[in-house]
Amino acid sequence: MTDTNAMLYLELLKKVLTNRIQMDNPTAWLAGPEDEPAANETQPTAFAAHTMVSPEGLDTVQHCVEQALADGVPGDLIETGVWRGGMCVLMRAVLKAHGVEDRRVWVADSFEGVPEAGEDSHPLDQEMALHNLNTVLSVSADTVRAIFKSYDLLDEQVEFLEGWFSETLPAAPIDSLAVFRLDGDLYESTMDSLTALYPKLSPGGFVIIDDYNMAPCRTAVHEYRDAHGIKEEIKPADSVGVYWRKEL
């Protein structure tokens, strides 16, 4: 694609992913286990859209992927915790728009919602009790594949990792990553993702944390950063998420 066509394609795709074109059946997203509606008016209408991420959050992911490509940062792209897969669709679309054929997009999820927080779980995960929303958070792998297919983006550059992060991520056949997006919500899911995959993030690569505004996720992020001496500046991705770039 020409630069102009690529820009128009990606801008239109982001509007479709966030339901800003269709605007059908708007329904407020539930902010937490107490079923309180989200106050952020830029939040997508969660039950019609293919992503819950804000337009600003999608712009950040596009920026990170395009910057990694421009700088020749080696590696694939991954999201851990994908819901309906909209963010991974965007990642694949960015590769397509720029004619990149030698990188893959990894779609990692249990496809069963979040794990139940039992008595052995981290106390913050128990307090969050996000598994009570699994009727909304659980989306099957076949549904996500169908969504990819609806954008004509389901191909050999899209790889699915199905299962709990603690079981699938350590053994994932990923050599290196250029962009690593975490959307696991919970302490344990976030820590499992960072532990397994951050060492595979190439210098100059980007890590994006969707749920930084949630105490379980934020606590895991800072514990991991402190334990591994990570000092890179944390920047806002949107009103709820953050990102940083791994030191070159």
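Here are a few things to note about the model shown:
- Ratio of Rg to Rh over region 118-197 (Cα coordinates, Kirkwood Rh, two decimals): 1.00
- Rounded to the nearest whole Hz, the Karplus-based 3J(HN,Hα) values (6.51 cos²θ - 1.76 cosθ + 1.60, θ = phi - 60°) of region 79-85 follow the sequence 10, 10, x, 10, 6, 8, x, with x at glycine and proline.
- Ranked by solvent-accessible area (1.4 Å probe, protein heavy atoms only, all chains present), the residues Leu194, Leu8, Leu69 order from largest to smallest as Leu8, Leu69, Leu194.
- Restricting region 71-112 to GluC sites (Glu not before Pro) in coil, as DSSP defines it, with at most 11 other Cβ within 10 Å: Glu101
- All alpha carbon pair distances within region 46-171 were sorted into 10 Å bins beginning at 0; the resulting P(r) in whole percents reads 12, 40, 34, 13, 2.
- Summarising the strand pairing of region 115-248, around 55 percent of its internal DSSP beta bridges are antiparallel.
- Surface accessible to a 1.4 Å probe, Ile208 within the full protein complex, Å²: 10 Å²
- Amide hydrogen neighbours beyond the local backbone of Gly205, cut-off 5 Å, H modeled: Lys246
- Computed helical MRE - 222 nm, the chain, DSSP H runs ≥ 4 contributing -39500 (n - 2.57), nearest 500: -11000 deg cm²/dmol
- Split the accessible area of the chain by element, probe 1.4 Å, and carbon with sulfur accounts for 49%.
- Sequence of Phe206, Phe160 when ordered by accessible area, the most exposed leading, probe 1.4 angstrom: Phe160, Phe206
- Relative frequency of Cα-Cα separations exceeding 26 Å in the chain, percent: 34 percent
- DSSP beta bridge pairing in the chain, given as percent antiparallel to the nearest 5: 25 percent
- Exceedance of the 22 Å cut-off in Cα-Cα distance is limited, within the set Lys200/Lys231; Lys15/Lys200; Lys14/Lys149; Lys15/Lys96, to Lys15/Lys200.
- Solvent exposure of the chain amounts to 46 Å² per residue of accessible area, where only protein heavy atoms count and the probe is 1.4 Å.
The values are calculated or read from the model by the stated rules, or taken from the named source; none is laboratory data. None of the values given here were measured: they were computed from a predicted structure. In this analysis, Cβ positions are derived from the backbone assuming ideal geometry, glycine residues included, and neighbour counts consider all displayed protein chains. For the accessible areas, the whole protein counts, side chains as well, though only heavy atoms, and no ligand, DNA or RNA atoms are used. Shrake-Rupley method; radii C 1.70, N 1.55, O 1.52, S 1.80 Å.
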